[in-house]
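This report concerns only the one structure given below.
The values are calculated or read from the model by the stated rules, or taken from the named source; none is laboratory data. Quantities reported herein were computed from a predicted structural model and do not represent experimental measurements. No Cβ is skipped: glycine too gets one built from the backbone with ideal geometry, and neighbour counts run over all protein chains shown. Ligands, DNA and RNA are stripped out before the accessible areas are found, and what is left, the full protein with its side chains, is counted by its heavy atoms. Shrake-Rupley method; radii C 1.70, N 1.55, O 1.52, S 1.80 Å.
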There are 2 protein chains.
Amino acid sequence: MTTKAMPSSQQRLLEAAARLTYQDGVNIGVDALCKAAGVSKRSMYKLFESKEKLLAASLEERASAYDESLLPAPDDDRPPRERILHVFERAEAQAGEPDFQGCRYLVAQIELKNPDHPASRVAHRVKANITDFFRAEAERGGARDPELLARQLILVFDGASARAGIKADTQGGLIAPTVATLLDAAGVR
Amino acid sequence: MTTKAMPSSQQRLLEAAARLTYQDGVNIGVDALCKAAGVSKRSMYKLFESKEKLLAASLEERASAYDESLLPAPDDDRPPRERILHVFERAEAQAGEPDFQGCRYLVAQIELKNPDHPASRVAHRVKANITDFFRAEAERGGARDPELLARQLILVFDGASARAGIKADTQGGLIAPTVATLLDAAGVR
């Protein structure tokens, strides 16, 4: 029984941590997380050692799905410009969802206020992976300064996500022309 | 005595709220705020009615200083392009300060997760004022689409601030060329 129940408690804790920290913020209490997961605090600490590690694990667990939801498929052979625009089309679609509050990996880092927190480290790595994608495509696309273009693209990604998350703006009619302007200026046609 | 002590308690609460919410997040407890301000909870509730209203008042109180720290002086008669670039030069300087964790008006809205929170409303208005400045300068500068340029500029402002705040990037070598590219594309020379 115990060995069968363990993965399920773990899964429920990961799901509750991801959902509640996104909805209510990273300061959500351990009691609330355990209650939502239907898991005792004793079990939570046995499985994850600390709330910090549970948060980190919950961000890690969603990283592959996050990448897949944004990046082109492995067999997508469109040119770099289109592959970059694909990411922003996906981001715009995600930002239009009713419960969108910004990219969860950006929001977690802003709220944690500590780049050395285990969850900040995971979030940083996940976003660095997106930046790496932009840099690689910028290089393949012949950008004059691939590093600058990659920094600009992730800046636009995060800025647009944050502003859509707080309902200050939408990404519609904004993100596509902005990215196109930056690609044009970098010489990625 | 009471009438003399009141403004001082109010001021200390506003200062503690601004400092601690920026440093630790908006979920900082009322006890911690009152302790830092050296004010009883009873006095806090008498002065501000609620923590929500205290947060809103603390953001409101800094709004003028925020505008002054970013916008050109009233007698600054440089052309629109330079006046816009001035804002980003100031933002870059502020982002380089050691305790910088992102624009406080962006961070507060992200953390509050509720556009109707009194403090979110204040923060939204303060940032809308910066966007209005961009739009007015874009119009004066003959931008093809002043509304689009204003949205782009505040997006870059917030994206760069958020990424510098989480130590994912600096604004150095990034914000100036990005803004210049957007101004060029909009025809603001």
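Of the residues A:C103, A:C34, the single one that is open to solvent by less than 40 Å² (accessible area, probe 1.4 Å), at pLDDT 95 or above, out of contact with any His (no Cβ under 7 Å at 6 or more places or on another chain) and closer than 14 Å to A:Q10 by Cβ is A:C34. Of all residues in region A:37-76, those satisfying the criterion of being in contact with a His (Cβ under 9 Å, 6 or more places away or on another chain) and either closer than 21 Å to A:N27 by Cβ or at pLDDT below 95 (or both) are A:E52, A:L55, A:A56.
Yes or no: A:F88 among the aromatic types (F, W, Y), out of contact with any Lys or Arg (no Cβ under 7 Å at 6 or more places or on another chain) and over 21 Å from A:V26 (Cβ atoms)? So A:F88 passes the test.
Quick check on B:D158: is it modelled with pLDDT of 95 or more, facing another protein chain (nearest Cβ under 8 Å) and surrounded by fewer than 21 Cβ atoms within 10 Å (Cβ to Cβ)?
Working: modelled with pLDDT of 95 or more: yes; facing another protein chain (nearest Cβ under 8 Å): yes; surrounded by fewer than 21 Cβ atoms within 10 Å (Cβ to Cβ): no.
When the stated conditions are applied, B:D158 does not pass them.
Report, by residue number, each residue of region A:84-100 that is more than 25 Å from B:P115 (Cβ to Cβ) and open to solvent by 20 Å² or more (accessible area, probe 1.4 Å). Once the filter is applied, which keeps residues that are more than 25 Å from B:P115 (Cβ to Cβ) and open to solvent by 20 Å² or more (accessible area, probe 1.4 Å), region A:84-100 yields A:L85, A:H86, A:E89.
Taking region B:142-155 on its own, how many of its residues are at the interface with another protein chain (Cβ under 9 Å from one of its Cβ atoms) and either open to solvent by less than 10 Å² (accessible area, probe 1.4 Å) or not charged (D, E, K, R) (or both)?
4
The residue list A:A150, A:A160, A:A95 contains one member that is hydrophobic (A, V, I, L, M, F, W, C) and in contact with a Lys or Arg (Cβ under 7 Å, 6 or more places away or on another chain), which is A:A150. Working only within region A:161-173, note down all residues that are surrounded by 24 or more Cβ atoms within 10 Å (Cβ to Cβ) and either within 8 Å of another protein chain (Cβ to nearest Cβ) or of a type in the set (S, T, Y) (or both). Passing the criteria: A:S161, A:A162, A:R163, A:I166. If you go through region A:110-127 one residue at a time, do you hit one that is more than 12 Å from chain B (Cβ to nearest Cβ), surrounded by 17 or more Cβ atoms within 10 Å (Cβ to Cβ) and more than 28 Å from A:R19 (Cβ to Cβ)? Checked against the condition, which is being more than 12 Å from chain B (Cβ to nearest Cβ), surrounded by 17 or more Cβ atoms within 10 Å (Cβ to Cβ) and more than 28 Å from A:R19 (Cβ to Cβ), region A:110-127 yields no hits at all.
Looking only at region A:11-31, filter to residues that are among the charged types (D, E, K, R) and either under 16 Å from A:E111 (Cα atoms) or touching a Ser or Thr at 6+ places or on another chain (Cβ under 6 Å) (or both); which one of those is nearest to the other protein chains (Cβ to nearest Cβ)?
Let us first name the residues in region A:11-31 that are among the charged types (D, E, K, R), namely A:12, A:15, A:19, A:24, A:31.
Of the ones still in play, those that are also either under 16 Å from A:E111 (Cα atoms) or touching a Ser or Thr at 6+ places or on another chain (Cβ under 6 Å) (or both) are A:19, A:24.
Numbers: A:R19: 13, A:D24: 7 Å.
Looking at the filtered set, the residue picked out is A:D24.
Out of B:R81, B:R42, B:R19, B:R12, which single residue is open to solvent by 20 Å² or more (accessible area, probe 1.4 Å), under 30 Å from B:L153 (Cβ atoms), among the charged types (D, E, K, R) and without any contact (Cβ under 8 Å) to a residue 60 or more places away in the chain? Spell out the reasoning first.
Values: B:R81 fails: without any contact (Cβ under 8 Å) to a residue 60 or more places away in the chain; B:R42 fails: under 30 Å from B:L153 (Cβ atoms); B:R12 fails: under 30 Å from B:L153 (Cβ atoms).
The conditions single out B:R19.
Only residues that are open to solvent by 40 Å² or more (accessible area, probe 1.4 Å), within 18 Å of B:D132 (Cα to Cα) and not acidic (D, E): list them for region B:45-77, please. Matches in region B:45-77: B:S64, B:A65, B:A73, B:P74. Just wondering, is there one or more residues in region A:174-189 that are more than 21 Å from A:V107 (Cα to Cα), in contact with a helix residue (DSSP H, G or I) (Cβ under 7 Å, 6 or more places away or on another chain), open to solvent by less than 30 Å² (accessible area, probe 1.4 Å) and away from chain B (no Cβ under 11 Å)? Checking region A:174-189: at least one residue is more than 21 Å from A:V107 (Cα to Cα), in contact with a helix residue (DSSP H, G or I) (Cβ under 7 Å, 6 or more places away or on another chain), open to solvent by less than 30 Å² (accessible area, probe 1.4 Å) and away from chain B (no Cβ under 11 Å).
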